[in-house]
Amino acid sequence: MRSLDLDQLRAFVAVAEAGSISAGAGRVFRSQSAVSEQLQKLESAAGAALLLRSRQGVGLTPAGQRLIGHARQLLALGELALHDVRNEVRRTQARLAISDYFRSDEIAGLLAQLGRRCPQLRLQVEVGLSAALAQGHAEGRHDLAVIMRTGAARERAKTLPLRREALHWVAAPGLDLREESELPLVLLPPDCRLHGLAVQRLRAHRSAHRIAHQASGVAGLQAALRAGLGVGCLNASAIGPGLAIARSPRLPALPDCAFALLAPPADAPADLHEAAAIVRAFFA
């Protein structure tokens, strides 16, 4: 089973960051010839040229650009493993809050990636309504928060855009609303942003409506919709099996929503800023 040599990776990262072999050699306390030999062995193992050499110094080839991120992670994990067996591991608590409208299977993927790339983090995760999560972040109870915005909300903290999604009226397939004098709505509590948006749009459209079922979370909302209790409002990625986009002249158009990240403060530990970068990369 082939693997990459950590000393060779350390030399590679040092040279790439320093911009020349001579300067990189000084960073790893090796001679220039020894570092050149390590780089040749690494390129041989990788099966590709990693550095572009010129009179101005060195740059990364496409293969080198792909490798350097992995190299940094492997070196960090190597240091972490050494500190761990010496009982010197520095753990950073990361309190992550995630909107209930964010798909549960994606949450699992995001947490798995954070665990792999930042093993020193001690994750504490809360899933809930965006308004409550934003308030918790503002009060210092959450370090990072993935929230949903509908355009009207304004957060005081630094907000980093993640992705946009369409909003749709959703119901069980084949649900017939023609005999209903008032549209039966299936929504989360009034402090949910989509609850307020749905009611506001229906009032402006002069569509009579009533709250038929109020769920405590998105999973319960989806179950009530599948049961045919009424029509609700969901972002595109939350429309799961057994649900369909509802179309009726009585249902007004809906805007897009956006997921955003409430970042940690500037003076937060570097590990938390690294976690924020991983969250943004996951969405990208």
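The values are calculated or read from the model by the stated rules, or taken from the named source; none is laboratory data. This one's a predicted model, so the numbers in the text were calculated from it and none came from an experiment. Glycine also receives a Cβ, built like all others from the backbone with ideal geometry; neighbour counts cover every protein chain displayed. SASA here: full protein model, heavy atoms, side chains in, ligands and nucleic acids out. Shrake-Rupley method; radii C 1.70, N 1.55, O 1.52, S 1.80 Å.
Quick rundown of the values:
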| quantity | calculated |
| --- | --- |
| Estimated D of region 203-284 in µm² per second, where Rh is the Kirkwood radius over Cα pairs and Stokes-Einstein applies at 37 °C, 0.692 mPa s | 203 µm²/s |
| Residue of 139, 165, 179 that the Gaussian network model of the chain assigns the largest fluctuation, springs spanning Cα pairs under 10 Å | 179 |
| Cα principal axis extents for region 1-122, largest first, Å | 54, 34, 32 |
| Percent antiparallel among DSSP beta bridges (both partners in the chain, rounded to 5) | 55 percent |
| Shape parameters for region 160-207, alpha-carbon atoms, Rg then Dmax in Å | 13.3, 45 |
| Selected from 120, 38, 73 as most flexible by GNM, with the chain as the system and alpha-carbon contacts under 10 Å | 38 |
| Inter-site label distance for residue 256 and residue 70 at 7 Å from Cα along Cβ, in nm | 3.4 nm |
| Helix-only mean residue ellipticity at 222 nm for the chain, each DSSP H run of n ≥ 4 adding -39500 (n - 2.57), per residue, nearest 500 | -13000 deg cm²/dmol |
| Mean accessible surface per residue for the chain, computed with a 1.4 Å probe while every protein chain stays in place, in Å² | 53 Å² |
| For region 114-226, convex hull of alpha carbons as volume per residue, Å³ | 146 Å³ |
| Inter-label distance, nm, simple model (7 Å from Cα along the C-beta direction), residue 32/residue 91 | 4.8 nm |
| Between 0 and 90°, nearest 10: helix 32-46 axis offset from the chain longest Cα axis | 50 degrees |
| Choice from 75, 185, 123 showing the highest fluctuation, given a GNM over the chain with Cα pairs closer than 10 Å | 75 |
